[in-house]
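Trainee: Sharing a structure with you now.
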Amino acid sequence: MKIVIAGAGRVGYSIAHELSKGNHEITLIDCDGDRVRKVSNNLDVMVYEGNAASYEMLKEAGVKGADLLIAVTKSDETNLLCCLCANKIGAKHTIARVRSRDYIKQANFLKEELGLSMIINPEEETASEISRILRFPSASKVESFANSRAESVEIKISENSSLNGMGLSELRSKSGANVLACAVFRGDDAFIPRGDYVMRAGDRINFIGAYSQINLLAKRMGFNRHTAKNVLAVGGGNVALYLAHQVYNTGINLKIIENDKEACAKIKYAFPKVSVVHGDGNDPELLKEEGISDANAFVAITDDDDDNVITSMFAISSNCKKVITQVHESHIIKLLSNNALDSVIQPSDIATQRIVSYVRSMQNAYNSSAAVESLYYIFDRNIEILELKVSENFKYDSVPLKSLKISHDAIVASIIHNGSCIIPSGDDVIHSGDSVIIATSLKGVLKLEDVVEGK
């Protein structure tokens, strides 16, 4: 596919890096010469230095006839104008990053009037991920698939966990929960485990199952499945606003500390029931005064990575039960990989997986057997969890899984059949029209046949 990306910031670079691994012709535009040179030196893509909203620049970059234009500059207005121009020039599909809550309220209007295929808002997506974790504090990450019929949770095994020393083959009998451990991160390695794998303290395990079964696993294995009721957040920007909106009237008591008076007033006006404190979130005395040691969860969502990490470490030392940290820069996340910080969230990563998922879905138009419905990165993008729609011409329809050869680098984690989530055994079958969730370390999977074949 021919794809043009406008904007070479964190999100644009991340998208270009991921899509360049596939069989795509990637062109990137940015007005910042340093960013353009960084992309040119590190990625196998075409680059142009200039204004991505310029009609002439877009024509020069080959937008006419492009399958997709992705506008992810730092300006909403530039992104929208870029997509409008691209549509007029002849791009087949356009995606705009839009961060303003005012514009997001008009999302349907904007999509229709400007011909947008998709609007992506990393801040809103970040708030959604935080909200999901607050509803399952024992998990490092939480994701839903197939309209919430299946749930994926990442749990770090502690020394005193019931799972420490348990083999995966024993999981169902000992927990009573019909779930599957589909991916493991141990040390520096991420991989798809088999039944003889024994879980150890320090492992990060990704479990998949129906919501009720994940609940049962949490209950039987002693995890905290109760929603965090009292949440203290530092940072009153867009992520805080979206988070306040998502937890409003859910029973979660959210308190936000913000140093900017105007931002405080904006949150208080929009969400009167949210407690807003004007002050420096880096001040340990203020954090103590506002109840950090009594909070069920602490969320660091300022725009400064260093501040977020430092306040999160202070929250851990204050015995806060759950700490969620927003970090923008990938190199900082790598430095924290063996740290006590458990739930680290990167907005650009969330945006990238949404857009890569959309790109693979677009390939359905070129390959009728392709069927990517959604995609989720785990373990530093070493593992992908994909929801695949089984096509009508699936050649192994109704063949038991035990009679199929499944790639050693993949596992069929669940089958959604007639609205029910099935954790498959060797006797289960896949039907055309089902949704199948797979975990794989392979890149570029588009269809089930990429990981499943006859023996």
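The values are calculated or read from the model by the stated rules, or taken from the named source; none is laboratory data. Just so it is clear, the model here is predicted, and its values are computed rather than measured. We place every Cβ from the backbone using ideal geometry, glycine too, and count neighbours over all the protein chains shown.
Trainee: With respect to residue 135, determine if the residue is outside the structural domain of residue 202 (by TED's automatic domain parsing), surrounded by fewer than 19 Cβ atoms within 10 Å (Cβ to Cβ) and touching a residue at least 12 places away in the same chain (Cβ under 8 Å).
Mentor: Values: outside the structural domain of residue 202 (by TED's automatic domain parsing): no; surrounded by fewer than 19 Cβ atoms within 10 Å (Cβ to Cβ): yes; touching a residue at least 12 places away in the same chain (Cβ under 8 Å): yes.
Answer is no for this residue.
Trainee: Yes or no: segment 104-127 includes at least one residue that is modelled with pLDDT of 95 or more and hydroxyl-bearing (Ser, Thr, Tyr).
Mentor: yes
Trainee: Could you please give the count of residues in segment 29-50 that are surrounded by fewer than 19 Cβ atoms within 10 Å (Cβ to Cβ), out of contact with any Ser or Thr (no Cβ under 8 Å at 6 or more places or on another chain) and within 17 Å of residue 69 (Cα to Cα)?
Mentor: Summing the residues that are surrounded by fewer than 19 Cβ atoms within 10 Å (Cβ to Cβ), out of contact with any Ser or Thr (no Cβ under 8 Å at 6 or more places or on another chain) and within 17 Å of residue 69 (Cα to Cα) in segment 29-50 gives 2.
Trainee: Sticking with this structure for a sec: Among 447, 402, which is the only one that is in contact (Cβ under 8 Å) with a residue 60 or more places away in the chain and either among the basic types (Lys, Arg) or assigned by TED's automatic domain parsing to the domain that holds residue 204 (or both)?
Mentor: Values: 402 fails: in contact (Cβ under 8 Å) with a residue 60 or more places away in the chain.
Among 447, 402, only 447 is in contact (Cβ under 8 Å) with a residue 60 or more places away in the chain and either among the basic types (Lys, Arg) or assigned by TED's automatic domain parsing to the domain that holds residue 204 (or both).
Trainee: Restricting the first residue to segment 76-89 and requiring it to be among the β-branched types (Val, Ile, Thr), which pairs with a second residue that is buried (at least 20 other Cβ atoms within 10 Å of the Cβ) meet a Cβ separation below 7 Å and a spacing of at least six or different chains?
Mentor: So the pair list comes out as 78/52; 78/53; 89/58; 89/63.
Trainee: If a residue must be of a type outside the set (A, V, I, L, M, F, W, C), touching a Lys or Arg at 6+ places or on another chain (Cβ under 8 Å) and under 19 Å from residue 134 (Cβ atoms), how many such residues does segment 250-302 contain? Working first, answer last.
Mentor: Taking segment 250-302 first, the residues of a type outside the set (A, V, I, L, M, F, W, C) are 250-251, 253, 255, 258-262, 266, 268-269, 272-273, 275, 278-285, 288-291, 293-294, 296, 302.
This time we only want the ones that are touching a Lys or Arg at 6+ places or on another chain (Cβ under 8 Å), so: 251, 253, 275, 278, 290-291, 296.
Now restrict to residues that are under 19 Å from residue 134 (Cβ atoms): 251, 253, 275, 290-291, 296.
Residues in segment 250-302 being of a type outside the set (A, V, I, L, M, F, W, C), touching a Lys or Arg at 6+ places or on another chain (Cβ under 8 Å) and under 19 Å from residue 134 (Cβ atoms): 6 in total.
Trainee: Moving on to the next point. If we only count strands (runs of 3 or more DSSP E) wholly inside segment 324-435, which ones have 1 or more residues that are farther than 20 Å from residue 186 by Cα and within 17 Å of the chain's Cα centre (by Cα)? Show your work before the answer.
Mentor: Values: elements: 343-345, 372-378, 383-389, 404-406, 410-417, 420-422.
Where strands (runs of 3 or more DSSP E) fall fully within segment 324-435 and carry at least 1 residues being farther than 20 Å from residue 186 by Cα and within 17 Å of the chain's Cα centre (by Cα), they are 372-378, 383-389.
Trainee: Determine whether residue 346 is more than 30 Å from residue 172 (Cα to Cα), surrounded by 19 or more Cβ atoms within 10 Å (Cβ to Cβ) and in contact with a Phe, Trp or Tyr (Cβ under 6 Å, 6 or more places away or on another chain).
Mentor: For residue 346, the condition - more than 30 Å from residue 172 (Cα to Cα), surrounded by 19 or more Cβ atoms within 10 Å (Cβ to Cβ) and in contact with a Phe, Trp or Tyr (Cβ under 6 Å, 6 or more places away or on another chain) - is not met.
Trainee: Let me ask something else. Regarding segment 228-239, can at least one residue be identified that is at pLDDT below 95, aliphatic (A, V, I, L, M) and within 21 Å of residue 327 (Cβ to Cβ)?
Mentor: yes
Trainee: Something else about it: Give the residues of segment 9-28 that are under 17 Å from residue 346 (Cβ atoms), crowded, with 18+ Cβ neighbours inside 10 Å and either of a type in the set (Gly, Ala, Ser) or over 23 Å from the mean Cα position of the chain (by Cα) (or both), sorted by residue number.
Mentor: 12, 14, 16
Trainee: Against the condition surrounded by 14 or more Cβ atoms within 10 Å (Cβ to Cβ), in contact with a Gly (Cβ under 7 Å, 6 or more places away or on another chain) and closer than 16 Å to residue 415 by Cα, how does residue 168 come out, does it pass? Show your work before the answer.
Mentor: On the way: surrounded by 14 or more Cβ atoms within 10 Å (Cβ to Cβ): yes; in contact with a Gly (Cβ under 7 Å, 6 or more places away or on another chain): yes; closer than 16 Å to residue 415 by Cα: no.
It is false that residue 168 is surrounded by 14 or more Cβ atoms within 10 Å (Cβ to Cβ), in contact with a Gly (Cβ under 7 Å, 6 or more places away or on another chain) and closer than 16 Å to residue 415 by Cα.
Trainee: Kindly list, by first and then second residue, each pair from a residue in segment 345-366 that is aromatic (Phe, Trp, Tyr) to a residue that is modelled with pLDDT under 95 and outside any helix (DSSP H, G or I), limited to pairs with Cβ atoms under 8 Å and residues at least 6 apart or on different chains.
Mentor: 358/117; 358/118; 366/1
Trainee: Tally the residues that are of a type in the set (Ser, Thr, Tyr) and out of contact with any strand residue (DSSP E or B) (no Cβ under 8 Å at 6 or more places or on another chain), restricting the search to segment 112-154. Give the steps one after another, and end with the answer.
Mentor: Narrowing segment 112-154 to residues of a type in the set (Ser, Thr, Tyr): 117, 126, 128, 131, 138, 140, 144, 148, 152.
Narrowing further to those that are out of contact with any strand residue (DSSP E or B) (no Cβ under 8 Å at 6 or more places or on another chain): 128, 131, 148.
Of the residues in segment 112-154, 3 are of a type in the set (Ser, Thr, Tyr) and out of contact with any strand residue (DSSP E or B) (no Cβ under 8 Å at 6 or more places or on another chain).
Trainee: Quick check on residue 177: is it aliphatic (A, V, I, L, M) and not in a strand (DSSP E or B)?
Mentor: Numbers: aliphatic (A, V, I, L, M): yes; not in a strand (DSSP E or B): yes.
For residue 177, the condition - aliphatic (A, V, I, L, M) and not in a strand (DSSP E or B) - is met.
Trainee: Same structure again: Does at least one position in segment 384-392 carry a residue that is acidic (Asp, Glu), loosely packed, with under 14 Cβ neighbours inside 10 Å and within 23 Å of residue 183 (Cβ to Cβ)?
Mentor: As a first pass, look at segment 384-392 and keep what is acidic (Asp, Glu): 384, 387, 392.
Retained after the next criterion (residues that are loosely packed, with under 14 Cβ neighbours inside 10 Å): 392.
Now narrow it down to the ones that are within 23 Å of residue 183 (Cβ to Cβ): none.
Looking for residues that are acidic (Asp, Glu), loosely packed, with under 14 Cβ neighbours inside 10 Å and within 23 Å of residue 183 (Cβ to Cβ), one finds none in segment 384-392, hence no.
Trainee: Return yes when residue 78 is touching a Gly at 6+ places or on another chain (Cβ under 7 Å) and either assigned by TED's automatic domain parsing to the domain that holds residue 27 or on the phi > 0 side of the Ramachandran plot (or both) and no when it is not.
Mentor: Details: touching a Gly at 6+ places or on another chain (Cβ under 7 Å): no; either assigned by TED's automatic domain parsing to the domain that holds residue 27 or on the phi > 0 side of the Ramachandran plot (or both): yes.
For residue 78, the condition - touching a Gly at 6+ places or on another chain (Cβ under 7 Å) and either assigned by TED's automatic domain parsing to the domain that holds residue 27 or on the phi > 0 side of the Ramachandran plot (or both) - is not met.
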